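Heads up, the thing below is written out as structure tokens.
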Amino acid sequence: MHRLLRHFGTMSAAWHASPAAWRDAGLEPAVATTLERARGEIDPAQELARLAQAKITALTWADAAFPPLLRQIPSPPICLYVRGSLAASDELAVAIVGTRNATAYGRSVTRRLAADLAANGVTVVSGLARGIDAVAHRAALEVGGRTLAVFGCGLDVVYPSEHRRLAEEVAAQGALISEYPLGRQPAADQFPVRNRLISGLSLGVVITESRERSGALITAEFAGQQGRDVFAVPGSILTQSSAGPHRLIQDGAKLVMNVADILGELNINLVGRQAELTTAVPMSVEEARILELLDGDPVHVDEISARTNIPVQQVSSLLTLMEVRGIVSAVGTLTYARGRQ
């Protein structure tokens, strides 16, 4: 594409040029042959009509709306398809990614960080995948923040299909983004390529939970190559679900315990939910003891009672009040975890 632009000046001129002229511009013969075949199968006017019908905008390097952060990465997309809206505020963005098989701890941490980032005016970027990605998008939406979902297929092919409603909500409160044209089906080799856009759209990438070999770590690797900050949330050394973040921390990633760790590293002032966070504190000694116990994995009511020496009935009543105030959440039958779930 760069060669064609340099040689012809515009992509329109390049599109209408002869294969011999393409070769003169520096395209290899096989590439010129492929382009000639594609030109016979594609009608640009029809493609634009399809995009308009699907309410999707196509952005190229020449468009002022092309995300500035993406212009800076080594291999920016030739064309970016967008459904929804991009905003100037999206230049202040942080990606949150992780495993599809999230634990209750991973979901809780992701929800807290994503909500706090969004409430502080930071756009949350992720990949609409099951698990951590979906939790990050929903948390940002719930607090009225912006979120961007980067697809590994065409924007008319929502993957996974059960996230259709979530995709609609993201498009209404942010944007769906892809470099793949309409109709492109999901393929395993497209998602790692997609991950460079997740990191490229962001000032930093947060990995909340992942195995040591995962797509999330590919995103973190891209972030490092692009000069973006990499953040990782620690977990139990006994679980594989935190092996990825632990490896990143060993390799120099910033350890994250709360949103202030991210905002401070990126020189972003803490605003937004600061007042709400300061009010979400225990109101009694008993609540404090329960909250201290819930500083890790979810715990059953009976275990909370046994370990705090507070009667089960009182524990249940306190947990109900704490849940209303957003300090704890039920994550199963009579099982609770710290924070909103």
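The values are calculated or read from the model by the stated rules, or taken from the named source; none is laboratory data. Given the structure is predicted, the values throughout are model-derived calculations rather than measurements. Cβ atoms come from the backbone with ideal geometry, glycine included; neighbour counts cover every protein chain shown. For the accessible areas, the whole protein counts, side chains as well, though only heavy atoms, and no ligand, DNA or RNA atoms are used. Shrake-Rupley method; radii C 1.70, N 1.55, O 1.52, S 1.80 Å.
Odds and ends about this structure:
- Relative contact order for the chain, counting Cα pairs under 8 Å that sit 6 or more residues apart, in percent: 14 percent
- P(r) for the chain, from all Cα pairs and a bin width of 10 Å, is 5, 23, 29, 21, 12, 5, 3, 1, 0 %, short bins first.
- Under Stokes-Einstein, with the Kirkwood radius over Cα pairs as Rh, the value for segment 75-206 at 10 °C and 1.306 mPa s is 111 µm²/s.
- Top of G183, G26, G84 by mean-square fluctuation, Gaussian network on the chain, Cα under 10 Å: G26
- With respect to the chain, whose longest principal axis is taken over its alpha-carbon atoms, helix 132-142 is tilted by about 80°.
- Here segment 87-209 exposes an accessible surface that is 49 percent carbon and sulfur, computed with a 1.4 Å probe and the other protein chains kept in place.
- Distance from the alpha carbon centroid of segment 11-73 to that of segment 197-265 works out to 35 angstrom.
- The angle between the Cα long axis of helix 190-200 and the main principal axis of the chain comes to about 70°, on a 0 to 90 degree scale.
- Between K55 and A188, the modelled label-to-label distance comes to 3.6 nm, taking each label 7 Å out from Cα in the direction of the beta carbon.
- Calculated mean residue ellipticity, 222 nm, the chain: -13000 deg cm²/dmol, from DSSP H runs (n ≥ 4) at -39500 (n - 2.57) each, averaged per residue and rounded to 500.
- Per residue, the accessible area of the chain comes to 48 Å², computed with a 1.4 Å probe over protein heavy atoms only.
- When peptides 1-8, 151-158 are sorted by average Cβ neighbour count within 10 Å, with the highest value leading, the order is 151-158, 1-8.
- Order by protection proxy (mean Cβ within 10 Å, highest first), peptides 197-205, 115-123: 197-205, 115-123
- R0 of 56 Å, Cβ-Cβ distance E47-L255: FRET efficiency to nearest 0.05: 0.75
- Sites N101 and T320 - FRET efficiency at Förster radius 25 Å, r taken between beta-carbons, to 0.05: 0.25
- Pairwise label distance in nanometres, A87 with M1, each label 7 Å out on the Cα-Cβ vector: 2.7 nm
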